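Note sheet for the following structure.
The values are calculated or read from the model by the stated rules, or taken from the named source; none is laboratory data. From a predicted model like this one, the values you see are computed outputs, not experimental measurements. No Cβ is skipped: glycine too gets one built from the backbone with ideal geometry, and neighbour counts run over all protein chains shown. Only protein heavy atoms, including side chains, enter the accessible area calculation; ligands, DNA and RNA are left aside. Shrake-Rupley method; radii C 1.70, N 1.55, O 1.52, S 1.80 Å.
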Protein chains: 2
Amino acid sequence: MEQKFNRNQRIAAITKVLVENPNKIINLNRFTELLNAAKSTISEDIVIVRESLSRLSMGKIETISGAAGGVKFISEVSKEQTSEFVDGLCNVLMGKDRVVPGDFIYITDILSDPNVITQAGSILASKFNSLEVDYVVTIETKGIPLAYEVAKILGVKLIIVRRDPKVTEGPTVSINYVSGSSKKIQTMSLARKSINKGSKCLFIDDFMKGGGTASGIRNLLHEFECELVGIGVLIDDADTPRKLFNEYMSLLQFNGIDENGGAILSPSNL
Amino acid sequence: MEQKFNRNQRIAAITKVLVENPNKIINLNRFTELLNAAKSTISEDIVIVRESLSRLSMGKIETISGAAGGVKFISEVSKEQTSEFVDGLCNVLMGKDRVVPGDFIYITDILSDPNVITQAGSILASKFNSLEVDYVVTIETKGIPLAYEVAKILGVKLIIVRRDPKVTEGPTVSINYVSGSSKKIQTMSLARKSINKGSKCLFIDDFMKGGGTASGIRNLLHEFECELVGIGVLIDDADTPRKLFNEYMSLLQFNGIDENGGAILSPSNL
(Lines give C-alpha, C1' and ligand atoms only; values in the text may rest on other atoms or scores of the structure.)
Protein backbone atom coordinates (compact mmCIF):
# COMPACT_ATOMS: atom_id res chain seq x y z
CA MET A 1 0.00 0.00 0.00
CA GLU A 2 1.30 3.42 -0.89
CA GLN A 3 1.94 5.76 1.99
CA LYS A 4 0.14 9.07 2.17
CA PHE A 5 1.36 12.06 4.14
CA ASN A 6 -0.61 15.07 5.25
CA ARG A 7 0.59 18.63 4.74
CA ASN A 8 2.23 18.92 8.18
CA GLN A 9 4.18 15.74 7.66
CA ARG A 10 5.23 16.71 4.14
CA ILE A 11 6.47 20.06 5.38
CA ALA A 12 8.70 18.40 7.99
CA ALA A 13 10.21 16.10 5.35
CA ILE A 14 10.68 18.84 2.73
CA THR A 15 12.33 21.15 5.27
CA LYS A 16 14.75 18.42 6.32
CA VAL A 17 15.81 17.60 2.76
CA LEU A 18 16.26 21.28 1.81
CA VAL A 19 18.18 22.24 4.96
CA GLU A 20 20.50 19.25 4.59
CA ASN A 21 21.31 20.18 0.99
CA PRO A 22 22.18 23.88 1.03
CA ASN A 23 22.68 25.52 -2.36
CA LYS A 24 21.78 22.29 -4.17
CA ILE A 25 18.96 22.29 -6.68
CA ILE A 26 16.41 19.66 -5.63
CA ASN A 27 14.09 18.59 -8.40
CA LEU A 28 10.45 18.51 -7.34
CA ASN A 29 10.23 14.91 -8.55
CA ARG A 30 12.35 13.91 -5.59
CA PHE A 31 9.60 15.16 -3.29
CA THR A 32 6.69 13.83 -5.34
CA GLU A 33 8.26 10.35 -5.22
CA LEU A 34 9.34 10.48 -1.58
CA LEU A 35 5.97 11.77 -0.41
CA ASN A 36 3.68 10.23 -2.99
CA ALA A 37 2.05 13.58 -3.76
CA ALA A 38 1.28 15.67 -6.83
CA LYS A 39 3.69 18.35 -8.02
CA SER A 40 1.12 21.08 -7.38
CA THR A 41 0.72 19.90 -3.78
CA ILE A 42 4.49 19.90 -3.23
CA SER A 43 4.72 23.39 -4.72
CA GLU A 44 2.17 24.64 -2.21
CA ASP A 45 4.08 22.96 0.64
CA ILE A 46 7.28 24.69 -0.49
CA VAL A 47 5.58 28.09 -0.46
CA ILE A 48 4.73 27.52 3.21
CA VAL A 49 8.29 26.43 4.10
CA ARG A 50 9.69 29.44 2.24
CA GLU A 51 7.41 31.88 4.05
CA SER A 52 8.14 30.42 7.47
CA LEU A 53 11.96 30.43 7.06
CA SER A 54 11.90 33.89 5.55
CA ARG A 55 9.81 35.40 8.39
CA LEU A 56 12.25 33.94 10.92
CA SER A 57 15.36 35.06 8.94
CA MET A 58 16.35 31.39 8.70
CA GLY A 59 17.19 31.37 5.00
CA LYS A 60 15.76 31.64 1.51
CA ILE A 61 14.25 29.09 -0.81
CA GLU A 62 14.81 29.88 -4.48
CA THR A 63 12.94 28.39 -7.40
CA ILE A 64 14.98 27.52 -10.50
CA SER A 65 12.91 26.96 -13.62
CA GLY A 66 13.67 24.74 -16.61
CA ALA A 67 14.33 21.04 -17.13
CA ALA A 68 17.19 20.92 -14.61
CA GLY A 69 15.21 23.17 -12.28
CA GLY A 70 13.76 22.76 -8.84
CA VAL A 71 14.20 24.52 -5.53
CA LYS A 72 17.23 25.26 -3.43
CA PHE A 73 17.78 26.36 0.12
CA ILE A 74 20.16 29.26 0.74
CA SER A 75 21.44 29.60 4.28
CA GLU A 76 21.16 33.06 5.82
CA VAL A 77 22.29 34.45 9.13
CA SER A 78 20.62 37.60 10.46
CA LYS A 79 22.66 40.64 11.55
CA GLU A 80 21.58 40.00 15.18
CA GLN A 81 22.66 36.37 15.13
CA THR A 82 25.98 37.37 13.56
CA SER A 83 26.69 40.00 16.24
CA GLU A 84 25.64 37.70 19.03
CA PHE A 85 27.89 34.92 17.77
CA VAL A 86 30.92 37.14 17.09
CA ASP A 87 30.62 38.95 20.45
CA GLY A 88 30.33 35.61 22.26
CA LEU A 89 33.38 34.25 20.49
CA CYS A 90 35.43 37.37 21.37
CA ASN A 91 34.56 36.82 25.03
CA VAL A 92 35.56 33.17 24.94
CA LEU A 93 38.89 33.96 23.28
CA MET A 94 39.76 36.81 25.64
CA GLY A 95 40.17 34.35 28.54
CA LYS A 96 43.66 34.79 30.04
CA ASP A 97 44.39 31.05 30.05
CA ARG A 98 44.28 31.19 26.25
CA VAL A 99 47.52 33.10 25.82
CA VAL A 100 50.41 30.68 25.25
CA PRO A 101 54.16 31.49 25.34
CA GLY A 102 55.12 33.61 22.34
CA ASP A 103 51.92 35.69 22.67
CA PHE A 104 49.80 33.34 20.59
CA ILE A 105 46.14 32.67 21.43
CA TYR A 106 45.14 29.03 21.78
CA ILE A 107 42.26 28.60 19.32
CA THR A 108 42.69 24.94 18.34
CA ASP A 109 39.64 23.82 20.34
CA ILE A 110 37.43 26.50 18.76
CA LEU A 111 38.55 25.55 15.25
CA SER A 112 37.28 21.99 15.52
CA ASP A 113 34.20 22.58 17.65
CA PRO A 114 31.18 21.87 15.41
CA ASN A 115 29.03 24.35 17.40
CA VAL A 116 31.38 27.22 16.62
CA ILE A 117 32.37 26.15 13.13
CA THR A 118 28.80 25.61 11.93
CA GLN A 119 27.90 29.20 12.86
CA ALA A 120 31.15 30.76 11.65
CA GLY A 121 30.84 28.79 8.41
CA SER A 122 27.25 29.93 7.88
CA ILE A 123 28.22 33.58 8.34
CA LEU A 124 31.20 33.39 5.97
CA ALA A 125 29.23 31.41 3.39
CA SER A 126 26.41 33.96 3.41
CA LYS A 127 28.93 36.74 2.68
CA PHE A 128 30.39 34.92 -0.33
CA ASN A 129 27.24 33.35 -1.73
CA SER A 130 26.92 35.84 -4.57
CA LEU A 131 30.43 35.08 -5.92
CA GLU A 132 29.17 31.71 -7.21
CA VAL A 133 32.52 30.01 -6.67
CA ASP A 134 33.39 26.57 -8.01
CA TYR A 135 35.57 25.49 -5.08
CA VAL A 136 36.54 26.42 -1.56
CA VAL A 137 40.31 26.10 -1.03
CA THR A 138 42.22 25.84 2.24
CA ILE A 139 45.68 24.78 3.40
CA GLU A 140 46.20 22.09 6.02
CA THR A 141 45.47 21.83 8.96
CA LYS A 142 43.61 24.07 11.36
CA GLY A 143 41.27 25.79 8.93
CA ILE A 144 39.98 22.55 7.39
CA PRO A 145 36.75 22.19 9.43
CA LEU A 146 35.79 25.83 8.76
CA ALA A 147 36.59 25.55 5.05
CA TYR A 148 34.67 22.28 4.85
CA GLU A 149 31.62 23.89 6.45
CA VAL A 150 31.75 26.88 4.07
CA ALA A 151 32.08 24.54 1.06
CA LYS A 152 29.15 22.45 2.26
CA ILE A 153 26.91 25.48 2.73
CA LEU A 154 27.92 26.91 -0.66
CA GLY A 155 27.24 23.49 -2.22
CA VAL A 156 30.74 23.13 -3.74
CA LYS A 157 33.77 20.89 -3.27
CA LEU A 158 36.64 21.59 -0.89
CA ILE A 159 40.27 21.50 -2.02
CA ILE A 160 42.90 20.96 0.69
CA VAL A 161 46.36 22.24 -0.25
CA ARG A 162 49.15 20.18 1.35
CA ARG A 163 52.46 21.35 2.77
CA ASP A 164 54.26 18.37 1.19
CA PRO A 165 53.31 16.29 -1.83
CA LYS A 166 51.97 12.85 -0.87
CA VAL A 167 52.63 9.54 -2.66
CA THR A 168 48.93 8.75 -2.79
CA GLU A 169 48.03 11.80 -4.86
CA GLY A 170 49.77 11.18 -8.18
CA PRO A 171 51.47 14.11 -9.99
CA THR A 172 51.44 17.33 -7.96
CA VAL A 173 52.27 20.99 -8.52
CA SER A 174 54.29 22.73 -5.79
CA ILE A 175 55.16 26.37 -5.26
CA ASN A 176 57.23 28.24 -2.69
CA TYR A 177 55.92 31.20 -0.72
CA VAL A 178 57.01 33.44 2.12
CA SER A 179 54.81 33.10 5.16
CA GLY A 180 53.89 36.53 6.52
CA SER A 181 54.27 35.50 10.14
CA SER A 182 57.52 33.54 10.16
CA LYS A 183 59.19 35.12 7.09
CA LYS A 184 60.37 31.60 6.23
CA ILE A 185 60.18 30.14 2.74
CA GLN A 186 57.57 27.40 2.74
CA THR A 187 56.12 25.02 0.18
CA MET A 188 52.53 24.27 -0.75
CA SER A 189 51.44 21.57 -3.14
CA LEU A 190 48.32 20.31 -4.82
CA ALA A 191 47.53 17.20 -6.88
CA ARG A 192 47.30 17.83 -10.64
CA LYS A 193 43.90 16.21 -10.91
CA SER A 194 42.33 17.99 -7.96
CA ILE A 195 40.86 21.02 -9.68
CA ASN A 196 39.34 21.92 -13.05
CA LYS A 197 40.93 24.63 -15.22
CA GLY A 198 39.18 27.98 -15.26
CA SER A 199 37.56 27.64 -11.85
CA LYS A 200 36.70 30.43 -9.42
CA CYS A 201 37.98 29.73 -5.92
CA LEU A 202 37.34 31.05 -2.42
CA PHE A 203 40.20 30.73 0.10
CA ILE A 204 39.13 30.05 3.70
CA ASP A 205 41.59 29.90 6.60
CA ASP A 206 41.60 30.22 10.38
CA PHE A 207 43.98 33.15 10.79
CA MET A 208 45.47 35.84 8.55
CA LYS A 209 48.54 37.83 9.41
CA GLY A 210 50.48 39.37 6.51
CA GLY A 211 48.56 37.53 3.82
CA GLY A 212 51.59 35.53 2.61
CA THR A 213 49.68 32.26 2.61
CA ALA A 214 46.76 33.77 0.68
CA SER A 215 49.25 35.16 -1.82
CA GLY A 216 50.81 31.70 -2.17
CA ILE A 217 47.37 30.19 -2.75
CA ARG A 218 46.72 32.73 -5.51
CA ASN A 219 49.97 31.79 -7.23
CA LEU A 220 49.31 28.09 -6.86
CA LEU A 221 45.84 28.51 -8.36
CA HIS A 222 47.37 30.40 -11.31
CA GLU A 223 49.38 27.25 -12.06
CA PHE A 224 46.02 25.50 -12.48
CA GLU A 225 44.63 28.40 -14.56
CA CYS A 226 42.20 29.11 -11.75
CA GLU A 227 41.32 32.38 -10.09
CA LEU A 228 41.19 33.39 -6.43
CA VAL A 229 38.02 35.50 -6.15
CA GLY A 230 37.58 35.82 -2.37
CA ILE A 231 39.28 35.34 0.99
CA GLY A 232 37.55 34.67 4.30
CA VAL A 233 39.20 34.04 7.67
CA LEU A 234 37.97 33.57 11.20
CA ILE A 235 40.53 35.90 12.80
CA ASP A 236 42.58 38.64 11.25
CA ASP A 237 45.67 40.12 12.93
CA ALA A 238 45.01 43.87 13.09
CA ASP A 239 48.56 44.50 14.38
CA THR A 240 50.04 43.62 10.98
CA PRO A 241 49.12 46.82 9.20
CA ARG A 242 49.84 46.22 5.55
CA LYS A 243 48.15 43.08 4.32
CA LEU A 244 49.17 41.75 0.93
CA PHE A 245 45.46 41.70 0.24
CA ASN A 246 43.03 44.54 0.74
CA GLU A 247 40.00 42.48 -0.07
CA TYR A 248 39.20 39.85 2.49
CA MET A 249 36.64 39.19 5.17
CA SER A 250 37.21 38.23 8.78
CA LEU A 251 34.84 37.63 11.67
CA LEU A 252 37.16 38.80 14.47
CA GLN A 253 40.20 41.03 14.77
CA PHE A 254 43.14 40.19 17.01
CA ASN A 255 44.69 43.34 18.46
CA GLY A 256 47.56 41.84 20.44
CA ILE A 257 47.99 41.14 24.13
CA ASP A 258 47.05 43.73 26.77
CA GLU A 259 49.16 44.73 29.79
CA ASN A 260 47.38 42.15 31.99
CA GLY A 261 48.38 39.36 29.63
CA GLY A 262 44.98 38.79 28.02
CA ALA A 263 44.27 38.77 24.28
CA ILE A 264 42.44 41.78 22.81
CA LEU A 265 39.80 40.82 20.27
CA SER A 266 37.03 42.75 18.61
CA PRO A 267 34.32 41.98 16.07
CA SER A 268 35.29 42.81 12.48
CA ASN A 269 33.18 45.25 10.55
CA LEU A 270 30.75 42.75 8.98
CA MET B 1 3.24 43.42 17.32
CA GLU B 2 4.03 39.84 18.21
CA GLN B 3 4.28 37.46 15.30
CA LYS B 4 2.04 34.42 15.19
CA PHE B 5 2.82 31.31 13.18
CA ASN B 6 0.42 28.61 12.11
CA ARG B 7 1.13 24.92 12.59
CA ASN B 8 2.63 24.41 9.12
CA GLN B 9 5.00 27.30 9.60
CA ARG B 10 6.00 26.18 13.10
CA ILE B 11 6.73 22.69 11.82
CA ALA B 12 9.09 24.03 9.16
CA ALA B 13 10.98 26.10 11.76
CA ILE B 14 11.13 23.30 14.37
CA THR B 15 12.37 20.80 11.80
CA LYS B 16 15.13 23.16 10.69
CA VAL B 17 16.38 23.82 14.23
CA LEU B 18 16.34 20.12 15.17
CA VAL B 19 18.02 18.90 11.98
CA GLU B 20 20.74 21.55 12.29
CA ASN B 21 21.49 20.50 15.88
CA PRO B 22 21.82 16.72 15.83
CA ASN B 23 22.18 15.01 19.20
CA LYS B 24 21.80 18.33 21.04
CA ILE B 25 19.04 18.71 23.61
CA ILE B 26 16.87 21.67 22.61
CA ASN B 27 14.76 23.06 25.44
CA LEU B 28 11.15 23.64 24.45
CA ASN B 29 11.47 27.24 25.66
CA ARG B 30 13.64 27.94 22.66
CA PHE B 31 10.70 27.08 20.41
CA THR B 32 8.05 28.80 22.53
CA GLU B 33 10.09 32.03 22.37
CA LEU B 34 11.04 31.75 18.72
CA LEU B 35 7.51 30.94 17.61
CA ASN B 36 5.50 32.80 20.25
CA ALA B 37 3.44 29.70 21.06
CA ALA B 38 2.46 27.71 24.16
CA LYS B 39 4.51 24.73 25.27
CA SER B 40 1.58 22.37 24.71
CA THR B 41 1.28 23.61 21.11
CA ILE B 42 4.98 23.08 20.48
CA SER B 43 4.77 19.59 21.97
CA GLU B 44 2.00 18.71 19.51
CA ASP B 45 4.06 20.12 16.64
CA ILE B 46 7.02 17.97 17.67
CA VAL B 47 4.87 14.84 17.70
CA ILE B 48 4.02 15.52 14.04
CA VAL B 49 7.66 16.12 13.06
CA ARG B 50 8.69 12.93 14.89
CA GLU B 51 6.05 10.84 13.16
CA SER B 52 6.90 12.20 9.72
CA LEU B 53 10.67 11.66 10.02
CA SER B 54 10.18 8.23 11.55
CA ARG B 55 7.84 7.03 8.77
CA LEU B 56 10.40 8.14 6.19
CA SER B 57 13.38 6.60 8.10
CA MET B 58 14.86 10.10 8.29
CA GLY B 59 15.79 9.99 11.97
CA LYS B 60 14.40 9.90 15.49
CA ILE B 61 13.31 12.65 17.86
CA GLU B 62 13.83 11.78 21.50
CA THR B 63 12.25 13.52 24.48
CA ILE B 64 14.46 14.09 27.53
CA SER B 65 12.56 14.94 30.70
CA GLY B 66 13.70 17.02 33.66
CA ALA B 67 14.89 20.59 34.15
CA ALA B 68 17.67 20.30 31.57
CA GLY B 69 15.35 18.36 29.29
CA GLY B 70 13.90 18.98 25.87
CA VAL B 71 13.99 17.18 22.57
CA LYS B 72 16.85 16.03 20.39
CA PHE B 73 17.16 14.85 16.82
CA ILE B 74 19.11 11.66 16.16
CA SER B 75 20.23 11.16 12.58
CA GLU B 76 19.46 7.78 11.05
CA VAL B 77 20.30 6.25 7.71
CA SER B 78 18.20 3.38 6.42
CA LYS B 79 19.76 0.09 5.28
CA GLU B 80 18.69 0.87 1.69
CA GLN B 81 20.27 4.32 1.70
CA THR B 82 23.46 2.88 3.20
CA SER B 83 23.74 0.17 0.52
CA GLU B 84 22.96 2.60 -2.26
CA PHE B 85 25.60 5.03 -1.06
CA VAL B 86 28.31 2.42 -0.45
CA ASP B 87 27.69 0.66 -3.78
CA GLY B 88 27.83 4.01 -5.57
CA LEU B 89 31.09 4.94 -3.89
CA CYS B 90 32.66 1.57 -4.81
CA ASN B 91 31.80 2.22 -8.45
CA VAL B 92 33.30 5.70 -8.38
CA LEU B 93 36.54 4.46 -6.80
CA MET B 94 36.96 1.51 -9.16
CA GLY B 95 37.65 3.87 -12.07
CA LYS B 96 41.00 2.97 -13.64
CA ASP B 97 42.23 6.57 -13.66
CA ARG B 98 42.20 6.46 -9.85
CA VAL B 99 45.16 4.09 -9.50
CA VAL B 100 48.36 6.08 -8.98
CA PRO B 101 51.96 4.75 -9.16
CA GLY B 102 52.66 2.51 -6.16
CA ASP B 103 49.20 0.90 -6.45
CA PHE B 104 47.47 3.51 -4.30
CA ILE B 105 43.94 4.70 -5.07
CA TYR B 106 43.43 8.45 -5.41
CA ILE B 107 40.69 9.28 -2.88
CA THR B 108 41.63 12.83 -1.92
CA ASP B 109 38.74 14.37 -3.86
CA ILE B 110 36.20 12.04 -2.24
CA LEU B 111 37.50 12.82 1.26
CA SER B 112 36.75 16.51 1.01
CA ASP B 113 33.57 16.37 -1.07
CA PRO B 114 30.73 17.50 1.23
CA ASN B 115 28.22 15.34 -0.71
CA VAL B 116 30.16 12.16 0.01
CA ILE B 117 31.35 13.08 3.49
CA THR B 118 27.91 14.11 4.75
CA GLN B 119 26.51 10.70 3.85
CA ALA B 120 29.54 8.69 5.00
CA GLY B 121 29.57 10.67 8.25
CA SER B 122 25.85 10.04 8.84
CA ILE B 123 26.30 6.30 8.35
CA LEU B 124 29.32 6.06 10.66
CA ALA B 125 27.69 8.29 13.30
CA SER B 126 24.56 6.16 13.34
CA LYS B 127 26.67 3.05 14.01
CA PHE B 128 28.43 4.65 17.00
CA ASN B 129 25.56 6.65 18.46
CA SER B 130 24.94 4.20 21.31
CA LEU B 131 28.55 4.47 22.59
CA GLU B 132 27.80 7.98 23.90
CA VAL B 133 31.35 9.20 23.29
CA ASP B 134 32.71 12.50 24.60
CA TYR B 135 34.98 13.26 21.63
CA VAL B 136 35.74 12.21 18.09
CA VAL B 137 39.49 12.00 17.49
CA THR B 138 41.35 12.00 14.17
CA ILE B 139 44.91 12.56 12.94
CA GLU B 140 45.76 15.16 10.31
CA THR B 141 45.03 15.51 7.40
CA LYS B 142 42.84 13.56 5.04
CA GLY B 143 40.31 12.19 7.52
CA ILE B 144 39.50 15.58 9.07
CA PRO B 145 36.32 16.39 7.10
CA LEU B 146 34.87 12.91 7.79
CA ALA B 147 35.77 13.06 11.48
CA TYR B 148 34.33 16.58 11.72
CA GLU B 149 31.05 15.43 10.19
CA VAL B 150 30.81 12.44 12.56
CA ALA B 151 31.53 14.71 15.57
CA LYS B 152 28.90 17.18 14.43
CA ILE B 153 26.23 14.49 14.00
CA LEU B 154 27.10 12.94 17.37
CA GLY B 155 26.94 16.42 18.95
CA VAL B 156 30.49 16.28 20.39
CA LYS B 157 33.80 18.07 19.83
CA LEU B 158 36.49 16.99 17.40
CA ILE B 159 40.13 16.56 18.46
CA ILE B 160 42.74 16.73 15.71
CA VAL B 161 46.01 14.97 16.58
CA ARG B 162 49.03 16.62 14.93
CA ARG B 163 52.10 14.99 13.43
CA ASP B 164 54.35 17.68 14.98
CA PRO B 165 53.76 19.87 18.02
CA LYS B 166 52.89 23.48 17.09
CA VAL B 167 54.03 26.65 18.87
CA THR B 168 50.47 27.97 19.06
CA GLU B 169 49.21 25.06 21.14
CA GLY B 170 51.08 25.43 24.45
CA PRO B 171 52.38 22.28 26.20
CA THR B 172 51.86 19.11 24.18
CA VAL B 173 52.19 15.36 24.71
CA SER B 174 53.90 13.36 21.96
CA ILE B 175 54.24 9.63 21.44
CA ASN B 176 55.98 7.50 18.83
CA TYR B 177 54.25 4.76 16.91
CA VAL B 178 54.95 2.37 14.05
CA SER B 179 52.76 3.01 11.05
CA GLY B 180 51.32 -0.25 9.73
CA SER B 181 51.79 0.68 6.11
CA SER B 182 55.29 2.17 6.00
CA LYS B 183 56.79 0.39 9.05
CA LYS B 184 58.44 3.71 9.86
CA ILE B 185 58.54 5.19 13.34
CA GLN B 186 56.34 8.27 13.38
CA THR B 187 55.28 10.84 15.97
CA MET B 188 51.84 12.09 16.95
CA SER B 189 51.19 14.90 19.37
CA LEU B 190 48.30 16.60 21.12
CA ALA B 191 47.99 19.79 23.19
CA ARG B 192 47.75 19.17 26.94
CA LYS B 193 44.62 21.26 27.28
CA SER B 194 42.77 19.74 24.36
CA ILE B 195 40.90 16.94 26.12
CA ASN B 196 39.33 16.23 29.54
CA LYS B 197 40.57 13.34 31.68
CA GLY B 198 38.37 10.26 31.75
CA SER B 199 36.76 10.85 28.35
CA LYS B 200 35.47 8.20 25.96
CA CYS B 201 36.77 8.73 22.42
CA LEU B 202 35.88 7.51 18.94
CA PHE B 203 38.71 7.44 16.36
CA ILE B 204 37.68 8.26 12.78
CA ASP B 205 40.08 8.06 9.84
CA ASP B 206 39.98 7.75 6.06
CA PHE B 207 41.92 4.52 5.59
CA MET B 208 43.05 1.65 7.80
CA LYS B 209 45.81 -0.75 6.90
CA GLY B 210 47.56 -2.54 9.76
CA GLY B 211 45.97 -0.47 12.49
CA GLY B 212 49.27 1.08 13.64
CA THR B 213 47.84 4.58 13.67
CA ALA B 214 44.78 3.50 15.67
CA SER B 215 47.10 1.76 18.12
CA GLY B 216 49.12 4.98 18.44
CA ILE B 217 45.93 6.96 19.08
CA ARG B 218 44.98 4.52 21.84
CA ASN B 219 48.37 4.99 23.50
CA LEU B 220 48.23 8.76 23.15
CA LEU B 221 44.75 8.82 24.71
CA HIS B 222 46.06 6.73 27.63
CA GLU B 223 48.51 9.57 28.34
CA PHE B 224 45.44 11.77 28.83
CA GLU B 225 43.69 9.08 30.93
CA CYS B 226 41.13 8.73 28.16
CA GLU B 227 39.78 5.62 26.52
CA LEU B 228 39.44 4.65 22.87
CA VAL B 229 36.02 3.00 22.66
CA GLY B 230 35.45 2.75 18.90
CA ILE B 231 37.14 3.00 15.50
CA GLY B 232 35.48 3.91 12.22
CA VAL B 233 37.11 4.31 8.82
CA LEU B 234 35.90 4.95 5.30
CA ILE B 235 38.08 2.29 3.66
CA ASP B 236 39.75 -0.71 5.17
CA ASP B 237 42.57 -2.60 3.42
CA ALA B 238 41.38 -6.22 3.28
CA ASP B 239 44.78 -7.33 1.91
CA THR B 240 46.45 -6.68 5.28
CA PRO B 241 45.14 -9.73 7.07
CA ARG B 242 45.97 -9.24 10.71
CA LYS B 243 44.80 -5.89 11.97
CA LEU B 244 46.05 -4.75 15.35
CA PHE B 245 42.39 -4.17 16.13
CA ASN B 246 39.57 -6.65 15.65
CA GLU B 247 36.89 -4.17 16.53
CA TYR B 248 36.41 -1.44 14.00
CA MET B 249 33.92 -0.44 11.39
CA SER B 250 34.54 0.45 7.75
CA LEU B 251 32.23 1.37 4.88
CA LEU B 252 34.30 -0.11 2.06
CA GLN B 253 37.00 -2.73 1.69
CA PHE B 254 39.97 -2.31 -0.62
CA ASN B 255 41.02 -5.65 -2.10
CA GLY B 256 44.05 -4.58 -4.12
CA ILE B 257 44.51 -3.93 -7.82
CA ASP B 258 43.18 -6.35 -10.44
CA GLU B 259 45.07 -7.63 -13.51
CA ASN B 260 43.63 -4.83 -15.65
CA GLY B 261 45.04 -2.21 -13.32
CA GLY B 262 41.77 -1.17 -11.65
CA ALA B 263 41.17 -1.08 -7.89
CA ILE B 264 38.96 -3.80 -6.39
CA LEU B 265 36.53 -2.48 -3.81
CA SER B 266 33.55 -4.00 -2.07
CA PRO B 267 31.03 -2.85 0.52
CA SER B 268 31.92 -3.81 4.08
CA ASN B 269 29.52 -5.95 6.05
CA LEU B 270 27.51 -3.13 7.68
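Within segment B:162-270, report the GluC sites (Glu not before Pro) that DSSP leaves as loop and that have at most 15 other Cβ atoms within 10 Å.
B:GLU225, B:GLU247, B:GLU259
Given R₀ = 41 Å, FRET efficiency for A:ASN176-B:ILE264 by Cβ-Cβ distance, to 0.05?
0.55
Could you tell me which trypsin sites (Lys or Arg not before Pro) in segment A:208-254 are loop residues by DSSP with no more than 14 other beta carbons within 10 angstrom of their beta carbon? Intermediate results must be reported in sequence, preceding the final value.
Values: sites: A:LYS209, A:ARG218, A:ARG242, A:LYS243; in loops: A:LYS209, A:ARG242, A:LYS243.
Loop-located and lightly packed - A:ARG242.
Counting only heavy atoms of protein chains, what accessible area per residue, in Å², does chain A have with a probe of 1.4 Å? Kindly include the intermediate steps, with their values, before the conclusion.
Values: 11920 Å² over 270 residues.
Accessible area per residue: 44 Å².
Kindly state, to the nearest 0.05, the FRET efficiency for A:SER189 paired with B:ILE257, given R0 = 25 Å and r defined as their beta-carbon distance.
0.50
Looking at B:ALA13, A:LEU18, A:PHE254, which one has the Cα that reaches farthest to the positive end of the dipole of the protein assembly as shown (charges on Cβ: Lys, Arg +1; Asp, Glu -1)?
B:ALA13
Before rounding to the nearest 500, sum -39500 (n - 2.57) across all DSSP H runs of length at least 4 in the protein assembly as shown and divide by the residue total; then give [θ] at 222 nm in deg cm²/dmol.
Numbers: 16 runs with 191 residues, N = 540.
The helix contribution divided over the protein assembly as shown gives -11000 deg cm²/dmol.
With the crude spin-label approximation of a point 7 Å out along Cα→Cβ, what separation in nm comes out for B:GLU247 versus B:GLU62?
That separation, rounded to one decimal, is 1.9 nm.
Give me a single rounded figure for A:19-27: the average over its residues of other chain Cβ atoms within 10 Å of their Cβ.
Details: counts 7, 7, 3, 1, 0, 2, 0, 0, 0.
Mean shielding count: 2.
Can you compute the charge dipole magnitude of chain B about its Cα centre, using +1 on each Lys and Arg Cβ and -1 on each Asp and Glu Cβ, nothing else charged? Give it in debye, rounded to the nearest 20.
Approximately 820 debye in magnitude.
Between A:SER78 and A:ARG30, what FRET efficiency follows from the Cβ-Cβ distance if R0 is 22 Å, with the result rounded to 0.05?
So the FRET efficiency works out to roughly 0.15.
Got a sec? Which residues in segment A:182-209 would a label at B:ASP97 touch, if it sits 7 Å along Cα→Cβ and we count backbone N under 19 Å?
Residues passing the 19 Å test: A:190-200.
Could you work out how far helix B:114-128 tilts from the main Cα principal axis of chain B, as a 0 to 90 degree angle to the nearest 10?
80
Dipole magnitude of the protein assembly as shown about its Cα centre, charges +1 at Lys/Arg Cβ and -1 at Asp/Glu Cβ only, in debye to the nearest 20?
So the dipole magnitude of the protein assembly as shown works out to roughly 240 debye.
Taking accessible area as the heavy-atom solvent-accessible surface of the protein chains with a 1.4 Å probe, which residues of segment A:40-58 lose no less than 10 Å² upon going from the isolated chain to the full protein assembly?
Those residues are A:ILE48, A:GLU51, A:SER52, A:LEU53, A:ARG55, A:LEU56, A:MET58.
Determine the percent antiparallel among the DSSP beta bridges restricted to the protein assembly as shown, to the nearest 5.
Antiparallel bridges: around 50 percent, rounded to the nearest 5.
Give A:LYS127/B:LYS4; B:LYS142/B:LYS184; A:LYS16/B:LYS72; B:LYS157/B:LYS193; A:LYS142/A:LYS200 a once-over and call out the pairs whose C-alpha atoms are over 21 Å from each other.
A:LYS127/B:LYS4; A:LYS142/A:LYS200
Considering only A:SER112, A:THR82, A:LEU93, whose Cα is most displaced toward the positive end of the charge dipole of segment A:79-267, charges sitting on Cβ of Lys, Arg (+1) and Asp, Glu (-1)?
Projecting each Cα onto the dipole axis, the largest value belongs to A:SER112.
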